[in-house]
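The block underneath contains the structure these notes are about, expressed in structure tokens.
The values are calculated or read from the model by the stated rules, or taken from the named source; none is laboratory data. Owing to the predicted nature of the structure, the values given are computational and were not obtained by experimental measurement. Every residue, glycine among them, receives a Cβ derived from its backbone with ideal geometry; neighbour counts consider all protein chains shown.
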Amino acid sequence: SNSFRSDDWQYNAVGLLHEEMRRAGSLILMCADKHQVPAGGALAVDREGFSEAVTATLMAHPLVSVVREEVTSLMDTPWTNIVCATGPLTSEALSKVVLELGGEGHLSFFDAIAPIVHYDSIDMSKAWKQSRYDKEGPGGDAAAYINCPMDREQYEAFIDALLNGPKAEFKDWEHVPYFDGCLPIEVMAERGRETLRYGPMKPVESPKLLDRQLRLKAAMPVKSIRFAGQITGVEGYVESAAIGLLAGRFAAAEAKGTALPAPPETTALGALINHITVGHLDGGAFQPMNINYGLLPPMEAPKADEAGVKIPLKERGRAKKRLMSLRALNDLNSWLEPQKTMIPAE
Ligand SMILES: Cc1cc2nc3c(=O)[nH]c(=O)nc-3n(C[C@H](O)[C@H](O)[C@H](O)COP(=O)(O)OP(=O)(O)OC[C@H]3O[C@@H](n4cnc5c(N)ncnc54)[C@H](O)[C@@H]3O)c2cc1C
């Protein structure tokens, strides 16, 4: 859809990631803020305005040349400082190149297409508008989603229709490695009639190909081929753009003859890099991830607030999230500060 998910930096990890990206000068967040539409507690964008603003900024930048064509090679090119952000549907020719370079079989993940429900097919005498947790978002609307209730019989009929309906056939080479956080609805239904009510949980494999600078280890030291976006094993618009922002900053620092360290792992940006480059090497199976507080180093839940007032037990988890967010922004500022003299802001 058009959602960047929660914009609450104090209590939600993706909201924190938004705030870190804003502070790091993210073009994507800047354009999203300019073109937001009401979406409860989420940051959602007017797709047309948002994408036009991103394109216009890039086209107008004196150091950016836009060439619209398929890239089929990485090593046999004159480029030495590359960022590859070709997404979950990287073209076949380039996929082969990347797989040959990396020497491992599973690099990208197929993203599910969001089911589309036609508005005029919804009976609004039965459905109602309400946002999750009634949260009012930056656009000032606490009722941005349409809720369609189902009783048991209707749910069973819905599952039957999903299972029996026509489905897209995959080509042989696709060997579809689903990302379990964003499965096609019919695949979820195939995993069990109750799955859609509870959500699925199963591990997939990881590339294990990148260093902390997001560079393909196999291409070093001949050239720096960085990866960014969903191809690295993050999921969602925001995480994809966050890794793009970091890959861009790393590549820019390298072009200027300096080395930029990865952001501290106490930040949402650092936790994401950690997850895709280090986190999965400790023996566990790799799962592409949305940002979440579990990726950041843990903190003790506070027993009292800043004013010394005791926090009730059931509110301490929430208070801990706020502390982790404050620590993240503080550490991010320390990471950004020296860069002000290293790399121009835009
Ligand atoms: C229907 C749908 C709805 C979604 N809704 C949401 C949502 O609401 N919120 C959210 O957070 N996420 C959502 N997602 C997920 C989100 O779209 C992805 O996580 C994100 O777009 C990945 O960004 P990316 O830049 O890595 O890749 P992409 O956006 O896929 O961009 C990669 C680009 O590279 C191009 N490319 C591929 N191969 C080559 C080549 N060889 N040479 C040159 N160019 C090439 C592709 O054509 C593409 O334009 C949704 C996904 C789908 C499919």
Take Tyr155 and tell me if it is modelled with pLDDT of 80 or more and either of a type in the set (Phe, Trp, Tyr) or in contact with a Pro (Cβ under 6 Å, 6 or more places away or on another chain) (or both).
yes
How many of the residues making up segment 7-20 are small (Gly, Ala, Ser) and within 11 Å of the ligand (Cβ to nearest atom)?
0
Taking segment 38-53, which residues are crowded, with 19+ Cβ neighbours inside 10 Å and of a type outside the set (Gly, Ala, Ser)?
Leu43, Val45, Phe50
Scanning segment 1-20 residue by residue, those at pLDDT 95 or above and assigned to a loop (DSSP other than H, G, I, E, B) turn out to be Asp7, Asp8, Trp9, Gln10, Tyr11, Asn12
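Suppose we keep only residues that are of a type in the set (Val, Ile, Thr) and surrounded by fewer than 22 Cβ atoms within 10 Å (Cβ to Cβ) within segment 191-242. Which one would you say is modelled with the highest pLDDT?
As a first pass, look at segment 191-242 and keep what is of a type in the set (Val, Ile, Thr): 195, 204, 222, 225, 231-232, 234, 238.
Applying the additional criterion that residues be surrounded by fewer than 22 Cβ atoms within 10 Å (Cβ to Cβ) yields 195, 204, 222.
Numbers: Thr195: 72, Val204: 34, Val222: 89.
Among those residues, the one meeting the criterion is Val222.
Looking only at helices (runs of 4 or more DSSP H) that lie completely in segment 21-106, which have at least 1 residues being near the ligand (Cβ under 10 Å from one of its atoms) and at pLDDT below 90? Break it down stepwise before answering.
Numbers: elements: 27-34, 47-60, 92-102.
By residue number, 92-102.
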Inspect segment 119-136 for any residue being over 24 Å from Gly233 (Cβ atoms), away from the ligand (no atom under 16 Å from the Cβ), modelled with pLDDT under 70 and part of a loop (DSSP other than H, G, I, E, B) and give the result as yes or no.
yes
Filter segment 223-267 down to the residues that are of a type in the set (S, T, N, Q) and within 12 Å of the ligand (Cβ to nearest atom), then identify the one that is nearest to Gly15 (Cα to Cα).
Ser240
